[in-house]
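The values are calculated or read from the model by the stated rules, or taken from the named source; none is laboratory data. A quick note: this is a predicted structure, and the numbers were derived from the prediction, not measured. We place every Cβ from the backbone using ideal geometry, glycine too, and count neighbours over all the protein chains shown. Areas reflect the complete protein model, heavy atoms only, side chains present, ligands, DNA and RNA absent. Shrake-Rupley method; radii C 1.70, N 1.55, O 1.52, S 1.80 Å.
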Amino acid sequence: MKIIRYLDPARKIGHAALQSDGWALELDGDIYSSPIISERPARVEKLLAPVVPTTIMGVGLNYRQHAAEGKMEIPKYPILFVKGLNTLQNPGDPIEIPTHLASTEVDYECELAVVIGKPCKNVSRKHALDYVLGYTCANDVSARDWQLKKGGGQWCRGKFFDTFAPLGPCLVTPETIPDPNKLQIKTILNGKTMQDWNTNDMIFDVPALIEFLSASTTLLPGTVILTGTPHGVGMAQKPLRWLVPGDTVTIEIEQIGQLTNPVELEVSP
């Protein structure tokens, strides 16, 4: 099932199930507890991020070819960072280039996002996927200057700016994607393909990530895990290719769809 979260003409937020004919039917009940597909067409005025995360956990350097392009060693354990809930952005809404704490090196990263559906702690690899609510596209937008040069050795400053975690366009449930490590994944910038690879290149696959991240740690329902990006990021292009106002960036993942966002300058309040 493909689930969307949307705003209707009355400004009410709802969830709906996309149908093969392109229509969407309203869902009754909580998406975390077996929602029922109604017969009522959803009146979708605006598409929203498919979930409101309780936590956003990012994994860095998790594709072999991405490590190779950066001339970095394969990590022994997953590299964890976090993004604030302020970073969430909807499909179609702008990625904002920071201007107050200015960045001139904002980069795209196509990523498969895993959404946890029930409390998850000390889960084995064998049972890890039983805790997955679904999968969606993510853009782990990163200000490389603040991530790598001015962040005091931590990545979070460069990952934590408003709008730096677009999610969407839908949440695809596990019966549709039985193996999340067999998906084509792309970034398309202004119509040009910049990243084009497969999730089978992950150093730590999705079950391994859930096993590691849940160790002695409770992953709450709504936890979003960003699973890393393949090679082809802007900081590895020749010449370097940073996001600039006027750009349009699309993340595309097989069986999920396309997440598209324009790029604008931050407008300070």
Of the residues in segment 83-124, those that are out of contact with any Phe, Trp or Tyr (no Cβ under 8 Å at 6 or more places or on another chain) and in a strand (DSSP E or B) come to Leu88, Ile97, Cys110, Glu111
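Can you tell me which residue among Tyr108, Tyr131 is aromatic (Phe, Trp, Tyr) and either over 20 Å from Ser33 (Cα atoms) or open to solvent by less than 10 Å² (accessible area, probe 1.4 Å) (or both)?
Details: Tyr131 fails: either over 20 Å from Ser33 (Cα atoms) or open to solvent by less than 10 Å² (accessible area, probe 1.4 Å) (or both).
It is Tyr108.
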If Gly151 satisfies all but one of (1) in a loop (DSSP other than H, G, I, E, B); (2) open to solvent by 70 Å² or more (accessible area, probe 1.4 Å); (3) at pLDDT below 95, what's the number of the condition it fails? (2)
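In this structure, does Tyr77 turn out to be buried (at least 18 other Cβ atoms within 10 Å of the Cβ), more than 18 Å from Cys170 (Cβ to Cβ) and out of contact with any Leu (no Cβ under 8 Å at 6 or more places or on another chain)?
So Tyr77 does not fit the description; no.
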Could you grab me the full set of residues in segment 37-66 that are assigned to a loop (DSSP other than H, G, I, E, B), open to solvent by 20 Å² or more (accessible area, probe 1.4 Å) and not hydrophobic (A, V, I, L, M, F, W, C)? Arg43, Glu45, Thr54
Kindly provide the set of residues from segment 245-269 that are in contact with a His (Cβ under 9 Å, 6 or more places away or on another chain) and modelled with pLDDT of 95 or more, ordered by number. Glu266
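Report, by residue number, each residue of segment 23-35 that is open to solvent by 60 Å² or more (accessible area, probe 1.4 Å), farther than 21 Å from Ile225 by Cα and at pLDDT below 95.
The first filter runs over segment 23-35 and keeps only residues open to solvent by 60 Å² or more (accessible area, probe 1.4 Å), leaving 23, 28-30, 32-34.
Checking which are farther than 21 Å from Ile225 by Cα leaves us with 23, 28-29, 34.
Residues satisfying the conditions are Trp23, Gly29, Ser34.
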